[in-house]
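Data first, discussion second: the structure below is written as structure tokens.
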Amino acid sequence: MGMRQHGEGPAAMLAIGTANPTNLLPQDVFADNFFRMTKSDHLTQLKEKMNRICEKTGIEKRHFHLTEDTLGVHPEFLDRDLPSLDARIEMAATAVPKLAQSAATKAIAEWGRPATDITHLVFSTYSAWEAPSADLKLATLLGLPPTVCRTILSLHGCYGGGRALHLAKELAENNRGARVLVACAETTLVCLGSPDGANLVGYALFGDGAGAVIVGAGPFGEGERPLFEMVSATQTTIPRTEHVLGMQATAGGIDFHLAIQVPMLIGQNVERCLLDAFGDDAPCDWNELFWAVHPGGRPILDNIDTVLKLDTGKLAASRHVLREYGNMSGATIVFVLDELRRRRKEEDNGHLLPEWGAMLAFGPGITIETMVLRSPR
């Protein structure tokens, strides 16, 4: 057998799909709507603060599974002192795999091979809390074979998509002929509640969405087109930062906290992670690369721009996704990759993306997932 068990060369992304719930809220009316829906209009100072935060986010609109009607049926979602975790989990159990199905169906259609050719499934979510979990539900919805090897990544938060792609790369390269479906689906319905001073930034940033990517290593079949080669990947945890970013399950839903120093900590550590991932191949100037960065928030992107001395527009794909969808946690990086691919197609008149690129995703830990990408010529 020997080497024949391994794929040929680095894994590549072969197809990408994204999806969002249909319920859409423009950011400029979000605070007013949110305070009205949560019956918090009397908290005028808090509402003014929320409006100011929303203005600064660089977000224009977000999609949500949770509607006003649902909140009418579940008043317990609006009172942290009432138990609502059971009802939230029950809703997410259906909503999360269905949203992932929408994104995965698009990716599979673009890939052009039958769903039964998928050998591995990696599903990342912070929103599903039961077993059998969202990965099995998705496999059933898509008609994947019963032999598909499933892995669920739970609660990685905003680096979940990066982690799932990193794992998919390793699976594809170590199993000849493997085709890995990466699916990320997130919904804020597990944590949305009434406004208080501590959670306004989160409520102003997060939205719902799903992303799916088909990953495989060579030999590539007829019609398979590598979109991005996945050259090397690393994961780094910044020491002593466990307290600055996290999620906690409580009777009243998932509590998340986001400390003000997160953008600064990411900025201070990102170059080290890139140098580790690129090794001897690190460019002299980071502007030589294309960039797929998880848009955790505007200050994170601004800090990365500053630290890496990036030209204006280098993080345009990330800023575009933040503007159109907000932060969809782990799924967001798939939207950024999709946007990069779309821009490459549009600019195909000679202004191709640079050949080499970097993908970055950040989440609780603080964990930084870094991947070196190559745009096949």
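The values are calculated or read from the model by the stated rules, or taken from the named source; none is laboratory data. Everything quoted here is computed from the prediction, not taken from an experiment. Every residue, glycine as well, gets a Cβ built from its backbone with ideal geometry; the counts of neighbours run over all protein chains shown. Areas reflect the complete protein model, heavy atoms only, side chains present, ligands, DNA and RNA absent. Shrake-Rupley method; radii C 1.70, N 1.55, O 1.52, S 1.80 Å.
For the stretch 186-293, what are the per-bin percents of Cα-Cα distances with bins 5 Å wide, up to the bin holding the maximum?
Percent of Cα pairs in each bin: 2, 8, 14, 14, 14, 16, 14, 9, 7, 3, 1, 0.
Sort 281-291, 199-209 by packing, meaning the average of other beta carbons within 10 Å per residue, with the highest value first.
199-209, 281-291
Whole-Hz ³J(HN,Hα) for each residue in the stretch 297-313, computed from phi via Karplus 6.51 cos²θ - 1.76 cosθ + 1.60 with θ = phi - 60°, x for glycine and proline: what do you get?
With the stated coefficients, the stretch 297-313 comes to x, 4, x, 5, 5, 4, 5, 5, 3, 5, 4, 8, 6, 7, 5, 4, x Hz.
For the stretch 307-352 and the stretch 26-67, what is the separation of their Cα centres, given in Å?
With the stretch 307-352 and the stretch 26-67 each reduced to a Cα centre, they are spaced 26 Å.
Carbon-plus-sulfur fraction of the accessible area of the stretch 155-197, 1.4 Å probe, in percent?
47 percent
Say a paramagnetic label sat at a point 7 Å from the Cα of Ile260, along Cα to Cβ; which residues of the stretch 292-314 have their backbone N under 15 Å from it?
So the set is 299.
With a 1.4 Å probe and every protein chain kept in, tell me what percent of the accessible surface of the stretch 94-139 is carbon plus sulfur.
Answer for the stretch 94-139: carbon and sulfur cover 63 percent of the accessible area.
With Cβ to Cβ distances under 13 Å as the rule, what net charge do the other residues near Gly252 carry (K, R +1; D, E -1)?
Once positives and negatives cancel, what remains is -4.
The list (i) 21.5; (ii) 20.9; (iii) 22.3 gives values of Kirkwood radius over Cα pairs in Å, and only one came from this structure; which label was calculated from it?
(ii)
Taking the Cα of Leu82, stepping 7 Å toward and past its beta carbon, and measuring to each backbone N in the stretch 184-225: which are under 12 Å?
Only 194 fall inside the zone, counting backbone N under 12 Å.
Straight-line reach from Lys98: which aspartates and glutamates fall under 16 Å, measuring Cα to Cα and dropping same-chain residues less than 8 apart?
Within the straight-line limit of under 16 Å, Lys98 reaches these aspartates and glutamates: Glu90, Glu130, Asp135, Glu186, Asp208.
Compute the Cα gyration tensor for the stretch 297-348, then decide on rounded, prolate or oblate, letting a ≥ b ≥ c be the square roots of its eigenvalues: rounded whenever a/c is under 1.5, prolate when a/b is larger than b/c in the other cases, and oblate in all that remain.
oblate
With a point put 7 Å past each Cα toward its Cβ, work out how far Glu271 is from Ala249 in nm, to one decimal.
A separation of 4.2 nm, rounded to one decimal place.
Would you list, by chain and number, the lysines whose Cα falls below 25 Å from the Cα of Lys47, excluding same-chain residues fewer than 8 positions away?
Cα-Cα hits under 25 Å: Lys39, Lys56, Lys61.
How much area per residue is accessible in the chain when the probe is 1.4 Å and only protein heavy atoms are counted (Å²)?
Ligands and nucleic acids excluded, the figure is 42 Å² per residue.
Using +1 at the Cβ of each Lys and Arg and -1 at the Cβ of each Asp and Glu in the chain, identify which of Ala204, Ala87, Met37 lies farthest towards the dipole's positive end.
The one lying farthest along the dipole's positive direction is Ala87.
Angle check, please: helix 85-111 long axis (alpha carbons) against the longest principal axis of the chain (alpha carbons), in degrees 0 to 90, nearest 10.
Helix 85-111 sits at roughly 30 degrees to that axis.
If each DSSP helix of 4+ residues adds -39,500 (n - 2.57) and the sum is divided by the residues in the chain, what number results at 222 nm, nearest 500 deg cm²/dmol?
That comes out to -11500 deg cm²/dmol.
So for the pair Arg52, Thr312, with labels modelled 7 Å out along Cα→Cβ, what separation do we get in nm?
That separation, rounded to one decimal, is 2.8 nm.
Sorted by packing (mean other beta-carbon atoms within 10 Å per residue), highest first, where do 327-340, 360-373 land?
Those peptides, ordered most packed to least, come out 327-340, 360-373.
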